[in-house]
Amino acid sequence: MGAPEIRRVGVVGLGAMGAGIAQLAVEAGYETVGREVSDELGGKAYDRIAHFLQRKVDKGQMAAGERESALALLATTTDVSDLARCDLVIEAIVEDLDAKLELFRELESIVRPDAILATNTSALSVTEIAAAVSTPERVVGMHFFNPAPLMPLVEIVRAERSSDDAVEAAFEVGSRMGKKPIRCHDTPGFVVNRVLIPLLNDCLRVLDEARVTPEDLDTAMTAGAGWPMGPCTLVDLVGIDVHVHASEALYEKLREPRMAPPPRIVAMKNAGLLGRKSGRGFYTYE
Ligand SMILES: NC(=O)c1ccc[n+]([C@@H]2O[C@H](COP(=O)([O-])OP(=O)(O)OC[C@H]3O[C@@H](n4cnc5c(N)ncnc54)[C@H](O)[C@@H]3O)[C@@H](O)[C@H]2O)c1
């Protein structure tokens, strides 16, 4: 399969990740169609992107005219068939395999045969998602990090049957969006989460084993290991629920005890102590 030149990008799901990805796409000059389940959610995502671009203008990172040009490239829709002319569609809907399989089947029936289909899944198998369509060669992972406009990395994930052309086209798009893309194969957690999730779980177990406070653990890892942010601060930022979910997903796939979420953090999740977003996690936020 020869990959098409990417001019039009579709983003399905304009939540935390999808809206950020759509912002990156229009900033990179791609005509972009974002699909949500309701006009209200599509409108909210559009407004959020317009707001973030305005902040860039206010900070002197972007000219007002560039913001207008970027926004002129963005359309939102609830109709999947509006993605028909896209050369690349990036899926960022809920982390649910059945929902993603259904969407990929629908997308395959709508887009051109050579259009690339990418998933932003964190914990599902890209190969399993690709198996939903009759042309799995065109399916790759494009795993952005949260918040997508700010985090430089994107993991370009090769599934078992991804074509070289599809992988390279996704890599190019990641570069043009100003990201630092890396190539990897489809394994649980890909690269960053495969390393980071068990490492953070080790840190959280040390809280109890060494009877150290969250503040002192954070100081230990920033001042002693050169981490830019301590593990408790990081987990609060990521969200306790998100970290527990990612740990459980990796544990389910790999059965390595280090992947399992420590009981202390599961209890925090169940108690609604979700970190920064709920106002309290390891720390309390205003
Ligand atoms: N949040 C993170 O830190 C993060 C990081 C990397 C990857 N991811 C992955 O990105 C994906 C999205 O995560 P999120 O945090 O943005 O979720 P989110 O809940 O913020 O957004 C998902 C959006 O998808 C919409 N949606 C659901 N089904 C849809 C459909 N069929 N068509 C169009 N829109 C649909 C929902 O209305 C919602 O707005 C997941 O696969 C997740 O694993 C998340």
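No value in this document is a laboratory result; all are computed from the given coordinates. Just so we're clear, the structure is a prediction, and the values are computed from it rather than from any experiment. When we count neighbours, we look across all protein chains shown, and the Cβ atoms used for this are built from the backbone with ideal geometry, even at glycine.
A few notes on this one:
- Between E66, E155, E128, the GNM of the chain built on Cα springs shorter than 10 angstrom shows E66 fluctuating the most.
- Of the trypsin sites (Lys or Arg not before Pro) found in the stretch 174-244, those that fall in a DSSP loop while having at most 16 other beta-carbon atoms within 10 Å are R211.
- If you run the Gaussian network model on the chain, springs between alpha carbon atoms under 10 Å, then out of G18, G34, G239 the most flexible one is G239.
- The stretch 126-176: mean projected area of Cα convex hull, nm²: 3.6
- Among beta bridges that DSSP assigns inside the chain, antiparallel share in %, nearest 5: 20
- If you look at the Cα atoms of the stretch 1-137, you get an Rg and a Dmax of 15.0, 47 Å.
- Separation of alpha-carbon centers, the stretch 60-88 and the stretch 1-26, rounded to whole Å: 9
- Net charge in the neighbourhood of E128 (other residues with Cβ under 10 Å of its Cβ; Lys, Arg +1, Asp, Glu -1) is -1.
- The stretch 187-286: chymotrypsin sites (Phe, Trp or Tyr not before Pro) in DSSP loop, at most 12 other beta carbons within 10 Å: Y285
- Rounded tilt (10° steps) of 192-209 against the dominant C-alpha axis of the chain: 20
- For the chain, Kirkwood radius (reciprocal of mean inverse C-alpha pair distance, Å): 19.9
- Take the Cα of A271, step 7 Å toward its Cβ, do the same at R7, and the gap between the two points is 5.7 nm.
- Placing +1 on each Lys and Arg Cβ and -1 on each Asp and Glu Cβ, with no other charges, gives the chain a dipole about its Cα centre of roughly 580 debye.
- For the chain, the longest principal axis of the alpha carbon atoms and the long axis of helix 16-27 meet at an angle near 50°.
- A DSSP coil position with no more than 10 other Cβ atoms inside 10 Å describes the following trypsin sites (Lys or Arg not before Pro) in the stretch 1-65: K59.
- Gyration tensor (Cα) of the stretch 217-262, equivalent ellipsoid semi-axes in angstrom: 24, 12, 7
- For the stretch 74-185, the dipole from Cβ point charges (+1 on Lys and Arg, -1 on Asp and Glu) about the Cα centre works out to 420 debye, to the nearest 20.
- Förster-model FRET efficiency, 35 Å R0, D58 and R211, C-beta, rounded to 0.05: 0.15
- Taking the longest Cα principal axis of the chain as reference, the axis of helix 214-225 is set at about 70 degrees.
- Dividing the alpha-carbon radius of gyration of the stretch 175-286 by the rule-of-thumb value 2.2 N^0.38 Å gives 1.12.
- Note on S69 and E95: the extension gain reaches 6.2 nm, defined as 0.36 nm multiplied by sequence separation minus the Cα-Cα distance.
- Cross-linked pairs K56/K180; K56/K179; K180/K253; K179/K277; K59/K179: Cα-Cα separations exceed 24 Å for K180/K253; K179/K277.
- Kirkwood Rh, Cα atoms: Rg over Rh of the stretch 110-250: 1.06
- Cα pair distances in the stretch 22-81, grouped into 10 Å bins until the bin that holds the longest one, percent each: 25, 51, 20, 3
- Whole-number D in µm² s⁻¹ for the stretch 150-197, Kirkwood Cα-pair radius fed into Stokes-Einstein, 4 °C, 1.567 mPa s: 116
- Dipole of the chain, positive end: most advanced residue of I21, L234, A84 [Cβ charges, Cα centre]: L234
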